[in-house]
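Every number here is computed from the coordinates shown, using simple stated rules; none is lab data. For clarity, every value in this text was computed on a predicted model and none was experimentally measured. Don't worry about glycine lacking a Cβ; one is built from the backbone with ideal geometry, like all the others, and counts go over all protein chains shown.
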Ligand code: ZN
């Protein structure tokens with residue numbers, strides 16, 4: 001066990017035990033429910049999108065440490081960012097899950113914690129756990145833009 005793995009595991013457990021942006025809004029927000037039946041993870045993600053920006057986001061749900069810590073990291077990463085940036089980060093994350101080297105890009109975007117999940121790509125059964133919250137976010141953004149066009 002390398003010390004890097006150890007550090008990453010601690011970052012993941014920290015997000016799992018102290019999730020960021022956990023909860024639900026009282027008022028209107030884009031709401032997406034998604035689950036990962038292979039592991040039993042489920043998430044409800046809420047997004048507030050204003051002027052092309054994710055002004056706020058919250059999530060609730062239950063599942064394994066990978067799914068919940070990824071949701072926590074995802075909300076932290078996209079909050080306050082432009083929708084386009086959030087989608088770019090989601091794309092970066094999905095490339096990381098395919099085993100691509102994206103460390104430099106993560107650093108540029110100042111997404112340090114997300115790096116802790118890169119080891120997940122070696123465990124194909126867990127990739128769906130890690131990407132659940134990100135897929136929910138992408139779907140939420142799509143629903144919001146369809147709504148605006150209608
Ligand atoms: Zn899971």
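Residue ranges 101-111, 67-77, 29-39 sort as 67-77, 29-39, 101-111 when ordered by packing (mean number of other C-beta atoms within 10 Å per residue, highest first).
Across 123, 93, 59, mean-square fluctuation computed from a Gaussian network of the chain (C-alpha pairs under 10 Å connected) peaks at 123.
If you average the sequence gap of Cα pairs under 8 Å that are 6 or more apart and divide by the length of the chain, what percent do you get for the contact order?
Working: 229 pairs, mean separation 40.9, N = 150.
About 27 percent, as a whole number.
On a full-extension model of 0.36 nm per residue, what is the gain between residue 9 and residue 123, subtracting their alpha-carbon distance, rounded to one decimal in nm?
Using 0.36 nm per residue and subtracting the Cα-Cα distance, I get 39.6 nm.
Exposure proxy for 15, 147: other Cβ atoms within 10 Å of each Cβ, ordered fewest to most, give 147, 15.
Using only alpha-carbon positions in the stretch 79-150, the gyration tensor eigenvalues give semi-axes of 24, 15, 8 Å once each is multiplied by 5 and square-rooted (largest first). Taking the stretch 11-31 and a reference point 7 angstrom along Cα→Cβ of residue 51, no backbone N atom is nearer than 18 Å. With Rh defined as the Kirkwood radius, the inverse of the mean 1/r over Cα pairs, the Rg/Rh of the chain is 0.95.
Taking 0.36 nm per residue of sequence separation and removing the Cα-Cα distance, the residue 82/residue 24 pair yields an extension gain of 18.8 nm.
Counting other Cβ atoms within 10 Å as a rough exposure proxy, the listed residues 41, 6 run 6, 41 from fewest neighbours to most.
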